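The numbers here are math on the coordinates, done by the rules we state, and not lab data. Quick caveat: nothing in here was measured; it's all calculated off a predicted structure. Quick reminder, even Gly has a Cβ in these numbers, built from the backbone with ideal geometry, and neighbours come from all protein chains shown.
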Amino acid sequence: MNLQNKVAIVTGAASGLGLATCRGLTAAGARVVGFDLDQTRLDEALGVDVKGIAVDVADEGSVKAGVDAVVAMHGRVHIAVNCAGVLGPCKTLSKGQIFPSELWNRVLGVNLTGTFNVIRHAAFAMSANEPDEGGERGVIINTSSGAARAGQMGQAAYSASKAGVIGMTLPIARDLAEHGIRVVSIAPGLFESGMSAGMPQKVSDGLIEKMLFPRRMGKPEEFAGLVRHIVENAYLNAMTIDIDCGTR
């Protein structure tokens with residue numbers, strides 16, 4: 001898909017991978033609308049080049065209102081990139097306390113159900129698009145994680161939610177193929193972001209030590225570059241791409 005003048009929604013847009021994706025898609029010529037919880041934080045992060053809308057991805061009504069607002073603003077939606085996520089670290093059993101169900105539900109609600117909320121409503125909007133010369137109407141990109149396959153201590157909910165993103169990628173791509181909509185997920189390793197900033201130094205150092213080359217955290221701009229490539233490469237579909245510098 002040619003990004004010039006295409007309309008893109010990016011969740012988790014106020015920081016980290018989402019913010020870098022907003023900037024990358026805008027630089028490539030797309031008209032981007034960022035979703036995040038806090039309108040003030042969105043406006044401060046995005047500036048004047050990208051419109052921000054306060055949306056709670058875990059709330060289906062909020063997602064529908066946000067997508068409807070984008071359609072009202074730009075007439076259509078071509079791209080949706082799901083970057084919204086929460087970590088919610090907690091051991092299954094620690095100091096005589098079990099993992100609280102409300103935290104489990106919150107992490108799964110944002111990372112997995114929230115992703116599916118955006119997929120559903122964005123796909124509905126995309127289905128109304130006129131197909132391009134290759135028959136394409138839209139592209140949906142989700143964010144999983146290396147933790148989906150190699151979660152660390154205290155990441156039970158996070159790992160489960162990110163494994164769920166991988167698990168639903170293929171069936172949703174199959175569901176949406178008849179509409180000319182591609183679905184691809186990205187599984188980033190350790191990236192410079194708000195999530196990694198809260199990680200204990202010992203844990204992050206241990207992960208970096210397992211990398212190949214370059215042995216460092218990923219840069220948000222590198223994630224955004226992969227997003228752009230997925231949008232532009234029409235033969236990428238129904239898969240999860242690791243971007244982790246060979247971390248195993």
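Just a few scattered comments:
- Converting phi to 3J(HN,Hα) with the Karplus coefficients 6.51, -1.76 and 1.60 and the offset θ = phi - 60°, region 170-175 yields 5, x, 5, 4, 5, 4 Hz in sequence order, with x at every glycine or proline.
- Full extension of the chain segment joining residue 73 with residue 59 gains 2.9 nm, where the gain is 0.36 nm per residue of separation less the Cα-Cα distance.
- Angle in degrees between helix 16-27 and the longest Cα principal axis of the chain, rounded to the nearest 10: 20 degrees
- Under 14 Å, Cβ to Cβ, from residue 155 - net charge with Lys/Arg +1 and Asp/Glu -1: +3
- Listing 9, 98, 208 from fewest to most neighbouring C-beta atoms within 10 Å gives 98, 208, 9.
- 12 Å beta-carbon shell around residue 234, net charge (K/R +1, D/E -1): -2
- Extension gain, residue 150-residue 175: 0.36 nm per intervening residue step, less the Cα-Cα distance, totals 6.2 nm.
- By the count of neighbouring beta-carbon atoms within 10 Å, fewest first, 126, 211 end up ordered 211, 126.
- Taking a ≥ b ≥ c as the square roots of the eigenvalues of the alpha-carbon gyration tensor, region 112-248 is classed prolate because a/c is 1.5 or more and a/b outweighs b/c.
- Counting neighbouring beta carbons within 10 Å and listing from fewest to most, the residues 229, 78, 179 come out as 229, 179, 78.
- Distance between modelled label sites at residue 41 and residue 98, nm, 7 Å Cα→Cβ extension: 3.1 nm
- The amide H of residue 244, built 1.01 Å from its N in the peptide plane, has 189 as neighbours under 5 Å, considering only residues 5 or more places off or on other chains.
- Residues with amide H under 5 Å from that of residue 142, placed H, sequence gap 5 or more: 82, 184, 185, 186
- Distance between modelled label sites at residue 203 and residue 106, nm, 7 Å Cα→Cβ extension: 1.6 nm
- Working note: Karplus 6.51/-1.76/1.60 with θ = phi - 60° gives region 5-13 the couplings 6, 7, 9, 10, 9, 10, 8, x, 7 Hz, where Gly and Pro are set to x.
- Amide H contacts under 5 Å for residue 7, placed H, 5+ residues apart: 31, 78, 79
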